[in-house]
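Down below is the structure, laid out as structure tokens.
The values are calculated or read from the model by the stated rules, or taken from the named source; none is laboratory data. Note that this is a predicted model, so its numbers are computed, not measured. Every residue, glycine among them, receives a Cβ derived from its backbone with ideal geometry; neighbour counts consider all protein chains shown. These area figures cover heavy atoms from the full protein model, side chains too; ligands, DNA and RNA do not enter into them. Shrake-Rupley method; radii C 1.70, N 1.55, O 1.52, S 1.80 Å.
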Amino acid sequence: MTTSALVLASVVVGAGMQRFTGMGFALVAAPFLVLLLGPVEGVILVNLCGAVTAGAIFFRVFRMVNWRTYAILTMAALIGIVPASLAVRVVPAAVLQIGIGVLLAAGLTVLLALRSARLQPKRRYLWTAGALSGFMNTSAGVGGPAVSIYSMATRWEHHSFAATMQPYFFTIGSLSLAAKAATTPAEFPDISWQMWLAISLACLVGLAIGEIFAKRVSPRAAQIVLIVLAYLGAVATIGRGVLDALS
């Protein structure tokens, strides 16, 4: 019961942050779901809930989507999804947990370090961001940092970025799930239909809460909260992987 409650709380907070900031679900929920369910099942649940949440938000922001950029990012993500889905099959669970935490912490650190940088929005940077995002989304459930680094470095206008991320996260989340269904079908979470229903409701509750906060709290404040929570989750995930490796 405690694990179920914590899973639902992670989904609520992640969905709220997704609505609030445009890309918060995986950054917030992934570390905690991996900690609660394990590196493979946790990431699968992140991919699923992230896709559902992004799909729900998309209908509110579709007019602001940059479809050309979305198409390039999605094609580039395919390059990273395939090797990542194979890596999940061969990498030990403890190593995967540590890797997930390190990937997330490194992505956040680079994102913060590049806040003052400015790059021209060239296509090769977009392809690189998409490929890294696809790999990290499939292996660690966190496809956001790579594209966030690109958006911050190129000064991509926030509303357009947040809108474009919704169909993008829906697409790569669905593709990641399809790749894992083909390569590791036995690893899908063994969850009762009642729990699936509760998770779905948690997504809706989180979106509703995020809608309220989006109108009352500045995006800068939301980003600070998001980064702090993600760092704490990354540290916790690395710690569990280390303990599992030593036990």
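Shape of region 1-59 from its Cα gyration tensor (a ≥ b ≥ c, root eigenvalues): rounded if a/c is under 1.5, otherwise prolate when a/b > b/c, or oblate? Since a/c reaches 1.5 and a/b is larger than b/c, the shape of region 1-59 is classed as prolate. Model label sites at PHE59 and GLU157, defined 7 Å from Cα along the beta-carbon direction, differ in position by 2.6 nm. Reported to the nearest whole Å, the Cα centre-to-centre distance from region 1-22 to region 120-170 is 22. How big is the charge dipole of region 141-245 about its Cα centre, in debye rounded to the nearest 20, if each Lys and Arg gets +1 on its Cβ and each Asp and Glu gets -1 on its Cβ? Taking the Cα centre of region 141-245 as origin, the dipole is about 360 debye.
Of the listed residues TRP127, TRP193, TRP67, the order by accessible area with a 1.4 Å probe, largest first, is TRP193, TRP67, TRP127. With protein chains left intact and a 1.4 Å probe, residues in region 162-247 average 54 Å² of accessible area per residue. Ordered from highest to lowest accessible area with the whole protein assembly present and a 1.4 Å probe, VAL46, VAL95 read as VAL95, VAL46.
Here each label is just a point 7 Å from Cα along the line to Cβ, and for ALA208 and LEU6 those points are 2.6 nm apart.
Free of any trypsin sites (Lys or Arg not before Pro) that DSSP assigns to a loop and that have at most 13 other C-beta atoms within 10 Å, the longest stretch within the chain is 1-114. Per residue of the chain, the DSSP helices (runs of n ≥ 4 H) give a summed -39500 (n - 2.57) that works out to -29000 deg cm²/dmol at 222 nm. Of the residues PRO189, SER148, ALA51, the one whose Cα sits farthest toward the positive end of the charge dipole of the chain, with +1 on the Cβ of Lys and Arg and -1 on the Cβ of Asp and Glu, is SER148. What FRET efficiency comes out for the pair MET75/PHE188, r = Cβ-Cβ distance, R0 = 30 Å, nearest 0.05? Approximately 0.70, to the nearest 0.05. Taking the 1.4 Å solvent-accessible surface of the chain as the whole, the part contributed by carbon and sulfur is 70%.
The P(r) of the chain has a tail past 29 Å containing 21 percent of all C-alpha pairs. Taking a span of 27 Å or more along the helix axis (Cα atoms) and a mean Kyte-Doolittle hydropathy of at least 1.0 as the rule, the DSSP H helices of the chain that qualify are 2-21, 39-61, 67-90, 93-113, 193-216, 219-246. Selection among ILE100, ALA84, PHE213 by position relative to the dipole of the chain gives PHE213 as farthest towards the positive end (Cβ unit charges, Cα centre). Keeping every protein chain present and rolling a 1.4 Å probe, give me the accessible area per residue for region 1-117 in Å². Here the residues of region 1-117 average 41 Å² of exposed surface.
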